[in-house]
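What follows is a short report on a single structure.
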Amino acid sequence: MYKVVSEIKPEKAEMRVAFAAVMDELAAADPAVAYFDCDVINSTGMVEFCKKYPDRGIDCGIQEANMISVAAGASAVGMKPFTQTFGPFAARRVIDQVYISAAYAKLNVRMFGTDAGITASYNGGTHMPIEDMGLMRAIPEVTLIEPADSVMLADLMRQTKDRYGVFYFRTTRKVTDQIYEEGSTFEIGKAALLREGTDATIIVSGYCTSDALAAADALAAEGISVRVLNMFTWKPVDREAIAAAAQETGAIVTVENHNILTGLGSAVAEALCETCPAPLHRVGVPDRFGEVGSVDYLKKIFGMTKDDIIQAVKAVLARKK
């Protein structure tokens, strides 16, 4: 069961701190848990873990593809590997190894790509993963997850430790807004309902969740009732929740910190076409490269602000009528 916080505000600690704490918990309880990194343990907050577990905290160097192959090999001998590096390197540089060495071989690997989308900010376009989920979505039998906050991240990490398969998580590295109360639990593959609504539905994931909720609140003040679904599992996407939203509200807006092509909006569009067609408007990065700037600046130039979400809902409502 999950519960939404009464007031949304920034978390007290960075998401990488939450990741490191859960990894320590899992490794302490299970000697099969191992962590693999690509020379970014300082940036990912995993220095102390690697000191504490020198045989299970492995820095593979700047060799992302090799890291996946090593993790797959660890899985083949009974380990439960977790890998982590920056999002563009966690996806673009490893695609063949994920496809063949992990997924095709039906092994057991949990991959984490940090600094998702525009949260890479001043690292710029080369380090801005706005296509990672799209790349991974094309690989059969890979589960794709984007936690909304550290509470969700912790629960899903605990769940996947003993859940066999290949998983790709995209996360922020620094502070994000807290959406869920401590102790909340979630079901992989099922959307979390954040707000009820009857006029339209916002389907959102990850970093954008608090802006979607703020947009829904602003629209409510104008008399527009908006359902908000947190679609934290991109694959398998919750087709039942999407179809129900289309049937019951008749208009859908997707909001994602990702290219609107191949991402959450695409997954929702596919489900709509095959279940219950309805007007759809996709908010996210409009098929362009990332660039250097603050997160607020990037949200503005990519059309991802709260006000952009509000206008998208009004636009899709006009099409519904």
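Here are the numbers:
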{"read-out": "Yes/no for Gly206 being buried (at least 24 other Cβ atoms within 10 Å of the Cβ) and either at pLDDT below 95 or on the phi > 0 side of the Ramachandran plot (or both)", "value": "yes"}
{"read-out": "Among (1) over 22 Å from Thr172 (Cα atoms); (2) free of Cβ contacts under 8 Å to residues at least 12 places away in the same chain, the one test that Asn42 misses", "value": "(1)"}
{"read-out": "Pairs where the first residue, in the range 56-84, is in contact (Cβ under 8 Å) with a residue 60 or more places away in the chain and the second is of a type in the set (Asp, Glu) and not in a strand (DSSP E or B), C-beta under 9 Å, 6+ apart", "value": "Lys80/Asp30; Lys80/Asp162"}
{"read-out": "Subset of the range 215-246 [under 20 Å from Thr275 (Cα atoms), acidic (Asp, Glu) and assigned to a helix (DSSP H, G or I)]", "value": "Glu240"}
{"read-out": "Breaking point among (1) farther than 27 Å from Val175 by Cβ; (2) charged (D, E, K, R); (3) surrounded by 21 or more Cβ atoms within 10 Å (Cβ to Cβ), for Glu256", "value": "(1)"}
{"read-out": "Qualifying residue in the range 81-92 (condition: closer than 17 Å to Asp39 by Cα, assigned to a strand (DSSP E or B) and small (Gly, Ala, Ser))", "value": "no"}
{"read-out": "Scope the range 283-321; condition open to solvent by less than 30 Å² (accessible area, probe 1.4 Å), among the small types (Gly, Ala, Ser), under 19 Å from Thr209 (Cα atoms) and assigned to a loop (DSSP other than H, G, I, E, B); matching residues", "value": "Gly303"}
{"read-out": "Check on Phe86, among the aromatic types (Phe, Trp, Tyr), within 23 Å of Thr143 (Cα to Cα) and either more than 19 Å from the chain's Cα centre (by Cα) or surrounded by 15 or more Cβ atoms within 10 Å (Cβ to Cβ) (or both)", "value": "yes"}
{"read-out": "Matching residues, the range 227-253, being of a type in the set (Lys, Arg) and either under 13 Å from the mean Cα position of the chain (by Cα) or surrounded by 19 or more Cβ atoms within 10 Å (Cβ to Cβ) (or both)", "value": "Arg227, Lys235"}
{"read-out": "Residue count for the range 89-118, restricted to those that are under 20 Å from Ile260 (Cα atoms) and buried (at least 24 other Cβ atoms within 10 Å of the Cβ)", "value": "7"}
{"read-out": "Residues of the range 132-159 satisfying the condition of being in contact with a strand residue (DSSP E or B) (Cβ under 8 Å, 6 or more places away or on another chain), surrounded by fewer than 23 Cβ atoms within 10 Å (Cβ to Cβ) and over 17 Å from Arg110 (Cβ atoms)", "value": "Gly134"}
{"read-out": "Helices (runs of 4 or more DSSP H) enclosed by the range 1-63 - at least 1 residues per element that are surrounded by fewer than 15 Cβ atoms within 10 Å (Cβ to Cβ) and in contact with a Gly (Cβ under 6 Å, 6 or more places away or on another chain)", "value": "none"}
{"read-out": "Test for Asp162: is it surrounded by fewer than 24 Cβ atoms within 10 Å (Cβ to Cβ) and under 22 Å from Ser6 (Cβ atoms)", "value": "no"}
{"read-out": "Every residue from the range 248-277 that is closer than 15 Å to Leu193 by Cβ and free of Cβ contacts under 8 Å to residues at least 60 places away in the same chain", "value": "Glu248, Thr249"}
{"read-out": "Odd one out for Ile224, checked against (1) surrounded by fewer than 19 Cβ atoms within 10 Å (Cβ to Cβ); (2) touching a Ser or Thr at 6+ places or on another chain (Cβ under 8 Å)", "value": "(2)"}
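The values are calculated or read from the model by the stated rules, or taken from the named source; none is laboratory data. Worth saying up front: this structure is predicted, and the values here are computed from it rather than measured. Glycine also receives a Cβ, built like all others from the backbone with ideal geometry; neighbour counts cover every protein chain displayed. Areas reflect the complete protein model, heavy atoms only, side chains present, ligands, DNA and RNA absent. Shrake-Rupley method; radii C 1.70, N 1.55, O 1.52, S 1.80 Å.
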